[in-house]
Amino acid sequence: MLSRYRSKDTETSQDLGVIQTATLTLLALIIGFTFSMAIDRHDIRETLEESEANAIGTEYLRADLLPPEVSARTKDLLQQYLEQRILFYSKQDKEKIRAIRQKTDELQDALWKEVLPIAHKQPSPTIALTISGMNDVLNSQGYVQAAWWNRIPFAAWSLMTAIAICANLLVGFGARNFKKNVGLFMIFPFVTSVSFFLIADIDSPRGGVIRIEPRNLITLQNSLKSKGAPLIK
């Protein structure tokens, strides 16, 4: 392959070894840093899912501070909202995702309109606490959505791919017995591809094998169904 074009000069071979080492080290560092970025984003998304579940559960309890009729409607809306938030984390097609987002926006508007008149008619510390809890519920969804949009940029993927291609070319160029050890030389591009796949999989919260599971939201939903009140951490 590329090794046939390699010079037999000793100094050239030494220089090639230096370039190979530098390129492979740079590729390893970039893959490591990118993997760390993907893991950090994954951990943030899991933390925000827990925070959102706690915000919804807390507001469900605070709804008891509202007048009976408003409290019942607010709790019903919160249960519908919770169902949509769980669907948001599941693997869906684009049309279904758009429908979930639209329904979520409608429920957020309905929840806010449910508690806002009470805040105007009966201003008090307890009502203010309920309004604050509702604000946390709405804000938590925005934080989660922002975290899901926060992905490794396409430009970074392009540059990392270019460096990986250069590294593989240098390995092939420096090979002495490529035809004899072709299986051995295939290990490097395979490992590089697996590394890229792992990073891309972690960086994709809805698709792939490694996904963000709404464990806390599902636990909250089961708690609401079984006991009528959530278990708040």
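Run down T74, T47, T104, T58 and say which single residue is of a type in the set (S, T, Y), assigned to a helix (DSSP H, G or I) and within 15 Å of the chain's Cα centre (by Cα).
T47
Is at least one residue of the range 32-41 more than 23 Å from the chain's Cα centre (by Cα) and either at pLDDT 90 or above or not basic (K, R) (or both)?
For the range 32-41, residues more than 23 Å from the chain's Cα centre (by Cα) and either at pLDDT 90 or above or not basic (K, R) (or both): absent.
Just one of R85, R41 is assigned to a helix (DSSP H, G or I), surrounded by 19 or more Cβ atoms within 10 Å (Cβ to Cβ) and among the basic types (K, R); which is it?
R85
Just checking, does the range 6-23 include any residue being more than 30 Å from D203 (Cα to Cα), open to solvent by 30 Å² or more (accessible area, probe 1.4 Å), out of contact with any helix residue (DSSP H, G or I) (no Cβ under 6 Å at 6 or more places or on another chain) and modelled with pLDDT of 90 or more?
no
Any idea which of (1) buried (at least 19 other Cβ atoms within 10 Å of the Cβ); (2) touching a Lys or Arg at 6+ places or on another chain (Cβ under 9 Å) is the one D64 doesn't satisfy?
With (1) buried (at least 19 other Cβ atoms within 10 Å of the Cβ); (2) touching a Lys or Arg at 6+ places or on another chain (Cβ under 9 Å) applied to D64, the lone miss is (1).
Do we have V182 as at pLDDT below 85 and farther than 30 Å from N54 by Cβ here?
It is true that V182 is at pLDDT below 85 and farther than 30 Å from N54 by Cβ.
Step by step: first the residues of the range 99-132, then only those that are of a type in the set (S, T, N, Q) and open to solvent by 60 Å² or more (accessible area, probe 1.4 Å), then the one that is farthest from A72 (Cα to Cα). Which residue is that?
Among those residues, the one meeting the criterion is Q102.
Going through S90, S3 one at a time, which residue ends up being modelled with pLDDT under 90, polar (S, T, N, Q), over 30 Å from A164 (Cβ atoms) and surrounded by fewer than 16 Cβ atoms within 10 Å (Cβ to Cβ)?
S90
The values are calculated or read from the model by the stated rules, or taken from the named source; none is laboratory data. Bear in mind that the values here come from a model prediction, so they are computed numbers and not experimental data. FYI the Cβ positions are ideal-geometry reconstructions off the backbone, even for glycines, and counts take in every protein chain you see. Ligands, DNA and RNA are stripped out before the accessible areas are found, and what is left, the full protein with its side chains, is counted by its heavy atoms. Shrake-Rupley method; radii C 1.70, N 1.55, O 1.52, S 1.80 Å.
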